[in-house]
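Following: one structure in structure tokens, then a few remarks.
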Amino acid sequence: MAISSCRLLQSPAPVILAVLCLCSALKLCYGNYYAINRHSFGHHSRPRFARHNYREALTKSVLFFEGQRSGKLPSSQRLSWRRDSGLSDGSAANVDLIGGYYDAGDNVKFGFPMAFTTTMLSWSVIEFGGLMKSELPNVREAIRWATDYLLKATAHPDTIYVQVGNPNKDHACWERPEDMDTPRNVYKVDKNTPGSDVAGEMASALAAASLVFRRSDPTYSKLLVRRALRVFQFADKYRGSYSNGLKKVVCPFYCSYSGYEDELLWGAAWLFKATRNPMFLKYIQINGLTLGAGEYDNTFGWDNKHVGARILLSKAFLVQKLQSLHDYKGHADNFICSVMPGASFSSTQYTPGGLIYKMSDSNMQYVTSTSFLLLAYAKYLTSAKKVVNCGVATVTASKLRSIAKKQVDYLLGDNPLKMSYMVGYGPRYPQRIHHRASSLPSVAAHPAKIQCNAGFSFMKSPSPNPNILLGAVVGGPDKHDRFPDQRSDYEQSEPATYINAPLVGALAYLAHSFRQL
């Protein structure tokens with residue numbers, strides 16, 4: 001993204017601003033702005049050496065999303081072993097639901113995790129997009145692939161299409177997306193079958209993405225925020241969890257275990273950020289506590305958004321100096337203290353090798369989401385010249401960045417197995433990921449259709465996957481740092497879009513920190 005005017009570079013120092021304007025005139029500004037004005041990004045001095053190539057990891061983490069695409073693939077598609085798929089999606093309900101992402105290693109389009117993925121990719125750009133350089137257009141494209149689909153899914157007032165594909169039928173087959181012939185049932189929420197959780201997350205995604213496109217595509221940005229407003233109003237007016245009405249097809253896959261209150265708070269927070277409408281600030285002030293703002297649920301992911309809402313709202317207090325949201329600094333600090341190793345308030349388990357460990361199924365999603373939150377909060381604390389008090393311990397922004405870096409480094413190979421958990425990064429990485437398209441021969445290599453049951457011979461094979469899903473981050477090791485690299489072990493070997501999405505922002509920050517971008 002080229003910087004066309006010095007008024008966009010809101011440096012606090014007039015001397016720096018003058019230098020920046022001169023740079024801009026010479027077309028040198030973009031590359032040097034962050035080096036000159038490091039303080040706003042939390043750098044007093046940058047370390048000189050990194051064990052990892054964060055820039056390479058960033059590039060691959062974004063490329064992964066192309067491997068998850070559903071629909072008509074563009075000519076710019078870089079993972080060429082993938083082809084068009086799901087070209088009749090939505091026809092069962094006479095709607096166009098072509099596009100979007102497959103969430104993980106199957107061929108269902110689950111709206112709940114897809115929306116969360118979109119929100120986190122957008123937040124990554126909002127906080128660290130200025131550091132992404134040549135990757136920024138690719139990240140924007142990844143976001144737009146999702147938002148174009150979310151706009152289709154929310155096109156009808158008071159009706160939201162939340163899923164395409166019967167997961168039980170889909171999971172009974174091992175098929176390439178290009179071959180799938182399982183039922184493409186369409187599932188929706190409406191006035192009679194509410195879904196405040198999935199609708200609230202879609203509103204968050206649309207609102208967050210509107211900020212990403214505000215300068216590069218103002219018309220598209222306005223469309224996104226208008227739709228976000230309508231979807232949030234539906235979520236708030238017709239309250240209920242989508243897991244109730246759609247239990248047979250969303251549970252246990254993406255059951256909303258945390259309820260819908262967190263998504264209403266999260267959605268209001270994003271709409272306040274996107275619109276600056278005081279109506280949403282008032283909504284947060286009135287409803288915050290009843291929606292769980294002060295609870296001690298410190299796991300952030302596709303299901304529970306409370307921690308994310310606390311961190312996001314704390315920014316309004318710390319950076320924008322919005323005093324009425326003072327309490328969110330305390331709520332955010334409680335989360336930070338829960339992560340600190342050895343702190344008296346810590347409730348986070350770590351593996352012997354030092355990895356955050358929340359649960360056996362797709363644990364790496366909590367590693368990437370927590371790392372992102374730590375880096376974002378460190379940025380806010382630095383801006384406000386604040387620290388976190390965890391009882392007798394004082395936690396600085398520098399400490400938060402250090403913990404986040406260690407988590408990312410573990411993911412990239414600094415662990416007892418010396419294995420990168422990102423496919424295609426480093427000399428050793430998972431070879432047998434639980435992913436249909438990656439594990440089956442590509443259409444180019446095997447043009448004939450591979451039938452439902454025939455695919456299982458490939459799933460059960462000990463051979464490495466024939467197609468490299470570059471950038472895919474798998475569920476990761478167990479609580480003892482063990483990883484069997486078995487295709488059948490979906491808990492540890494399956495990648496997912498919501499694992500990668502927050503990692504994009506963290507990698508951009510780290511790549512910049514070590515002068516790799």
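The values are calculated or read from the model by the stated rules, or taken from the named source; none is laboratory data. What you are looking at is a predicted structure, and each value in this text was computed from that prediction instead of being measured. Note that we place each Cβ from the backbone using ideal geometry, even for glycine, and neighbour counts take in every protein chain shown. Just the protein is used for accessible areas: all its heavy atoms, side chains included, with ligands, DNA and RNA removed. Shrake-Rupley method; radii C 1.70, N 1.55, O 1.52, S 1.80 Å.
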Inset, instruction - Might you let me know whether region 326-347 holds any residue that is in contact (Cβ under 8 Å) with a residue 60 or more places away in the chain, open to solvent by 10 Å² or more (accessible area, probe 1.4 Å) and of a type in the set (Asp, Glu)? - result: no
Legend entry - Hits in region 240-267 (condition: open to solvent by 10 Å² or more (accessible area, probe 1.4 Å), touching a Phe, Trp or Tyr at 6+ places or on another chain (Cβ under 9 Å) and under 11 Å from LEU291 (Cβ atoms)): TYR260
Inset, instruction - State whether the residues of region 373-383 include one that is modelled with pLDDT of 95 or more, among the β-branched types (Val, Ile, Thr), surrounded by 21 or more Cβ atoms within 10 Å (Cβ to Cβ) and in contact with a strand residue (DSSP E or B) (Cβ under 7 Å, 6 or more places away or on another chain). - result: no
Legend entry - Options SER383, SER402, SER369: the member that is within 25 Å of ALA511 (Cα to Cα) and without any contact (Cβ under 8 Å) to a residue 12 or more places away in the chain: SER402
Legend entry - LYS282 surrounded by fewer than 21 Cβ atoms within 10 Å (Cβ to Cβ) and over 30 Å from ASP361 (Cα atoms): yes
Inset, instruction - Go through (1) closer than 30 Å to HIS306 by Cβ; (2) open to solvent by 10 Å² or more (accessible area, probe 1.4 Å); (3) touching a strand residue (DSSP E or B) at 6+ places or on another chain (Cβ under 6 Å); (4) in contact (Cβ under 8 Å) with a residue 60 or more places away in the chain one by one and return the number of the condition THR159 breaks. - result: (4)
Legend entry - Subset of region 162-183 [open to solvent by less than 40 Å² (accessible area, probe 1.4 Å), assigned to a loop (DSSP other than H, G, I, E, B) and either under 14 Å from TYR254 (Cα atoms) or not aliphatic (A, V, I, L, M) (or both)]: GLY165, ASN166, CYS173, TRP174, GLU175, ARG176, PRO177, ASP179, THR182
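Let's see how each residue does on (1) closer than 17 Å to ALA209 by Cβ; (2) free of Cβ contacts under 8 Å to residues at least 12 places away in the same chain; (3) of a type in the set (Phe, Trp, Tyr); (4) in contact with a helix residue (DSSP H, G or I) (Cβ under 7 Å, 6 or more places away or on another chain):
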{"residue": "PRO252", "(1), (2), (3), (4)": "no, yes, no, no"}
{"residue": "CYS255", "(1), (2), (3), (4)": "no, no, no, yes"}
{"residue": "GLY267", "(1), (2), (3), (4)": "yes, no, no, yes"}
{"residue": "LEU271", "(1), (2), (3), (4)": "yes, no, no, yes"}
{"residue": "PRO278", "(1), (2), (3), (4)": "no, yes, no, no"}
{"residue": "THR290", "(1), (2), (3), (4)": "no, no, no, no"}
{"residue": "GLY301", "(1), (2), (3), (4)": "no, no, no, yes"}
{"residue": "GLY308", "(1), (2), (3), (4)": "yes, no, no, yes"}
Inset, instruction - State which residue pairs qualify: first residue farther than 10 Å from ILE450 by Cβ and inside region 173-191, second residue aromatic (Phe, Trp, Tyr) and at pLDDT 95 or above in any location, beta carbons under 8 Å apart, and separation of 6 or more residues or different chains. - result: PRO177/TYR102; VAL186/TYR161; TYR187/TYR161; LYS188/TYR161; VAL189/TYR242; ASP190/TYR238; LYS191/TYR238
Inset, instruction - May I ask you to verify whether LEU440 is in contact with a helix residue (DSSP H, G or I) (Cβ under 6 Å, 6 or more places away or on another chain) and modelled with pLDDT under 95? - result: no
Legend entry - Every residue from region 425-453 that is open to solvent by less than 50 Å² (accessible area, probe 1.4 Å) and farther than 24 Å from LYS479 by Cα: ARG436, ALA437, SER438, SER439, LEU440, PRO441, SER442, VAL443, ILE450, CYS452
Inset, instruction - Take region 55-75 and flag every residue that is more than 16 Å from PRO495 (Cβ to Cβ), surrounded by fewer than 24 Cβ atoms within 10 Å (Cβ to Cβ) and of a type outside the set (Val, Ile, Thr). - result: ARG55, GLU56, GLY71, LYS72, LEU73, PRO74, SER75
Legend entry - Residue ranges of helices (runs of 4 or more DSSP H) in region 216-274 with at least 1 members within 16 Å of ASP148 (Cα to Cα): 218-237
